Amino acid sequence: MSLLEFFLAAENAFFVFCVGFILLIFVLELAGAVTGFSILGLDDGIDLDGLDLDGGDFNPLSWLSFGKVPIMVCLLSLCLSISVVGYSIQALVYLLADELASLLVVSLCSMVPAFAINRKVVRLIAAILPSDETYVVSTNSFLNEAAVIMTGTAVKGRPAEAKVYDKFGRAHFVMVEPSDDQEFPAGTEVILLSRNEHLFTCARALSENRPVFIKPSPNA
């Protein structure tokens, strides 16, 4: 079996999809460099606390380090981790048995170590990305603050990612959904009304009642 046949084998379809997703985002990010739009959002700062500071309950998203960097970076890191672990398992199986493990078995076996690796990788990325200082900010402080929908369309029951700035001028990425049956596409400015664990409810910001959403000055 050639190297190309190994990488594209039907038993590795899940890992091919993960690699394809990474390449697609890479191409879109290159295209965005021309228009000034970044899918990854690395230039807006990151939420360095990441964890729910207002409660002691276990939060799977926090354990996976979602919130420490933009969600797209987390997804790319997770896809890369799954691909590396999955292909490594398949290579070992092929060396020992001269055949590939089934897609379902190897996919399930790769998940747990991939999640653990992704957690470490995301924390490393958060430490490497430019940052002046680390500020501990309660997520409850975001209530009644303006945020902007970043990716997807926020619909009740189907949250989307939004960006909100804290009092230090640091960007945080939170999941939001409308408080009613409205739909908020990417770019919509909203007001964060309430919070249930890691999910915020929001309403459309009225421009006549609030100023345009701008990044606050850290010196303010």
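Coordinate-derived values only; no laboratory data. The shown structure was predicted, so the numbers you read here are calculated from the model rather than taken from an experiment. No Cβ is skipped: glycine too gets one built from the backbone with ideal geometry, and neighbour counts run over all protein chains shown.
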Phi angles of the stretch 160-166, converted by Karplus (6.51 cos²θ - 1.76 cosθ + 1.60, θ = phi - 60°) into ³J(HN,Hα) in whole Hz with x for Gly and Pro, give 10, 7, 10, 10, 9, 9, 8
Residue 145 long-range amide H proximity, modeled H, under 5 Å: 192
Extension reserve of the residue 28-residue 116 stretch, reckoned as 0.36 nm per residue once the Cα distance is removed: 28.9 nm
For residue 158 and residue 94, extending 7 Å from Cα along the Cα-Cβ vector and measuring point to point gives, in nm, a value of 3.8 nm
Spelling it out for residue 150: with amide H atoms placed in the peptide plane at 1.01 Å from N, the residues 5 or more places away or on another chain with amide H under 5 Å from its amide H are 161, 162, 163, 187
Around residue 98 (Cβ within 14 Å, Cβ-to-Cβ, excluding residue 98; K/R +1, D/E -1) the net charge comes to -3
